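See below for the structure under consideration.
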Amino acid sequence: MKIQNYINGQFQNPISNEWLENYCPSNGEVYGQLPNSSKADVETAYKAAKDAFPIWSQTTLDERSRILIKISELIEVNLQRLAEAESKDNGKPIRLAKSVDIPRAASNFRFFGNAITQFASESHESVGQNAINYTLRQPIGVVGCISPWNLPLYLFTWKIAPAIAAGNCVVAKPSEITPMTAYLLGDICNEAGLPKGVLNIVHGLGTKTGQAIIEHPDIKAISFTGGTATGEHIAKVAAPMFKKLSLELGGKNPNIIFADCDYDDMLNTTVRSSFANQGQICLCGSRIFVEASIYEKFKTDFVEKIKQLQVGHPSDDTTDIGALVSKSHLEKVMHYINIAKEENGIILCGGNKITVKDFENGYYLEPTVIEVSTDDCRINQEEVFGPVVTIMPFNSEDDVLHMANKVKYGLSATLWTNDLKRTMRMSNQLQAGIIWVNTWMLRDLRTPFGGVKASGVGREGGFEALRFFTEAKNVCIKY
Ligand code: NAD
């Protein structure tokens with residue numbers, strides 16, 4: 001299966017005719033090719049976007065909204081096909097792709113298709129000066145959207161939908177590790193009547209294709225989700241050109257459990273917040289801190305539940321944990337498990353590669369729980385981004401707050417307690433962009449989404465995303 005670039009509404013081979021191999025994580029085999037796009041392909045995509053911009057930016061909100069909602073509906077019509085493609089490309093259980101990834105991609109288009117009709121700007125009357133100010137929110141022009149492999153279509157559309165809703169034209173690049181559903185989106189956009197050139201999808205390596213996007217002097221804004229090191233690099237390249245940047249980066253999120261929580265709810269949710277999508281969600285709670293009085297009970301119950309999780313082929317409906325996304329990622333996660341052992345971490349369960357019958361070369365790993373006695377160890381400070389969590393007890397609110405904040409990241413934090421005053425105190429003081437209390441990953445697309453510290457700059461979601469993808473211009477009229 002050969003994936004092509006989607007430029008100016010058409011599918012095209014890369015100009016250089018160079019290709020990359022696409023691996024299937026569940027069996028380790030190459031099952032297709034994707035363009036190894038160069039600067040020239042990005043330039044072609046840019047020109048298509050630039051040419052489409054004058055008309056798209058003047059297209060009525062009603063019409064833009066109608067097209068976005070149509071894309072959303074077509075994603076729903078193609079749910080099964082897209083879910084199968086996502087699961088095959090990424091290794092995630094088909095159940096998850098069907099219930100989370102693809103429905104959410106549809107919601108992204110529907111949400112921003114509706115949101116743009118409600119997006120309003122401010123006006124300020126300058127009392128006593130006979131003047132009125134009003135703010136225009138104008139689209140930026142051609143913008144770049146670059147997304148990672150963990151939630152491929154979900155995060156790709158999370159950027160594209162607000163960008164085009166706001167009247168921009170887009171040059172987008174999905175991860176080279178999971179290009180398939182972004183490729184399938186092209187046809188859907190054509191069928192929905194999205195004018196050619198409004199969305200252009202260029203496939204290829206981050207260091208080549210992605211680099212050409214971030215270096216392009218006329219791509220004025222970059223919305224990026226991925227690793228912190230890549231984000232740092234993008235910030236350095238983009239800064240001298242004064243590009244607008246939204247950077248959604250890595251995390252090392254604390255999951256803080258107090259003895260007064262609803263125990264069963266906490267336990268079930270913590271299984272999910274630890275290992276959903278093989279632990280490859282930036283929001284997973286990878287550092288679990290448990291109040292000392294319930295620590296031993298939690299440890300026993302949690303490990304027992306984790307041992308019951310089914311690791312298996314992603315297309316099997318009984319699979320809880322599929323394959324990791326790539327061989328090199330599996331090796332990276334294994335490397336961290338070894339580091340944890342060297343640091344005297346105790347492996348309570350998991351820690352080994354798994355061979356799934358008939359798919360012996362797939363990238364499978366047992367869900368792994370590691371008991372640590374200090375928060376300073378590397379396994380508790382560095383992002384692993386796999387099916388690995390640490391657990392350790394804490395004695396006081398102050399201690400756990402100190403440990404929770406003592407990492408370079410600040411994406412999300414989860415808190416389990418029924419004490420309202422503690423909830424308020426801790427929510428105020430936890431250094432993270434998103435705090436969940438007695439839940440995890442409950443998403444309302446109107447809310448601001450993003451991190452602090454090394455987890456990024458800027459916020460996505462709701463009107464925050466529409467503000468990012470527009471320039472505010474104040475007009476002052478004296479009368
Ligand atoms: P990555 O940084 O390696 O790649 C992300 C994207 O950037 C890919 O499309 C890649 O090709 C591209 N890229 C790489 N180098 C580039 C360059 N020089 N210029 C332009 N583009 C370049 O990240 P990944 O391994 O795909 O994803 C995992 C990371 O993403 C984890 O750190 C995870 O925490 C993070 N993540 C964050 C969020 C969030 O919302 N904060 C969500 C999901 C994933």
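Read-outs: derived from the displayed coordinates by stated rules, not from any lab. Not measured: the values here are computed from a predicted model. So basically every Cβ, Gly included, is an ideal-geometry build from the backbone, and we count neighbours across all protein chains shown.
Remark: for residue pairs Lys252/Lys421; Lys208/Lys244; Lys173/Lys244; Lys159/Lys453, the C-alpha separation exceeds 23 Å in Lys252/Lys421. Once the Cα atoms are used to define both axes, helix 420-429 deviates from the longest principal axis of the chain by about 60 degrees. When you count the other C-beta atoms within 10 angstrom of each residue and take the mean per peptide, 453-459, 146-152, 319-325 line up highest first as 319-325, 146-152, 453-459.
For segment 185-311, the Kirkwood estimate of hydrodynamic radius, built from reciprocal distances between every pair of different alpha carbons, is 18.5 Å.
Test of understanding: what is the full-extension gain from Lys297 to Asp187, defined as 0.36 nm times their sequence separation minus their Cα-Cα distance?
Numbers: separation 110, 0.36 × 110 = 39.60 nm, distance 5.21 nm.
Result: 34.4 nm gained on full extension.
Residues whose amide H comes within less than 5 Å of that of Thr439, counting only those at least five positions distant or on another chain, are Leu415 (H built at 1.01 Å from N in the peptide plane). Taking a straight line from the alpha carbon of Lys341, these aspartates and glutamates sit under 20 Å away, with near neighbours fewer than eight places off in the same chain left out: Glu331, Glu366, Glu371, Asp375, Asp376, Glu382, Glu383.
Give the shape of segment 275-404 as rounded, prolate or oblate, defined through the alpha-carbon gyration tensor: a ≥ b ≥ c are the square roots of its eigenvalues, a/c under 1.5 means rounded, and otherwise the shape is prolate if a/b is larger than b/c and oblate if not. Here segment 275-404 falls in the prolate category. Computed from phi, the 3J(HN,Hα) profile of segment 334-349 under the Karplus parametrisation 6.51, -1.76, 1.60 (θ = phi - 60°) reads 4, 4, 5, 5, 5, 4, 4, 5, 4, 8, 6, x, 9, 7, 7, 7 Hz, with x in place of Gly and Pro.
Can you give me the Rg/Rh ratio for the chain, using Cα atoms for both radii and the Kirkwood formula for Rh?
0.99
Taking the DSSP beta bridges with both ends in the chain, the antiparallel portion is around 45 percent.
Among beta bridges from DSSP that stay inside segment 326-448, the antiparallel ones total about 45%. Relative contact order, whole percent, for segment 257-392 stands at 28, derived from Cα pairs under 8 Å and 6 or more residues apart. So which lysines pass the test for Lys357, namely a Cα distance under 26 Å, with those fewer than 8 places away in the same chain ruled out? Those lysines meeting the cut-off are Lys88, Lys92, Lys98, Lys305, Lys307, Lys327, Lys332. Here the Karplus relation 6.51 cos²θ - 1.76 cosθ + 1.60, evaluated at θ = phi - 60°, turns the backbone of segment 290-299 into coupling constants of 10, 4, 3, 5, 10, 4, 5, 5, 4, 4 Hz, with x for every Gly and Pro.
Here the ratio of the Cα radius of gyration of segment 27-159 to 2.2 N^0.38 Å is 1.40.
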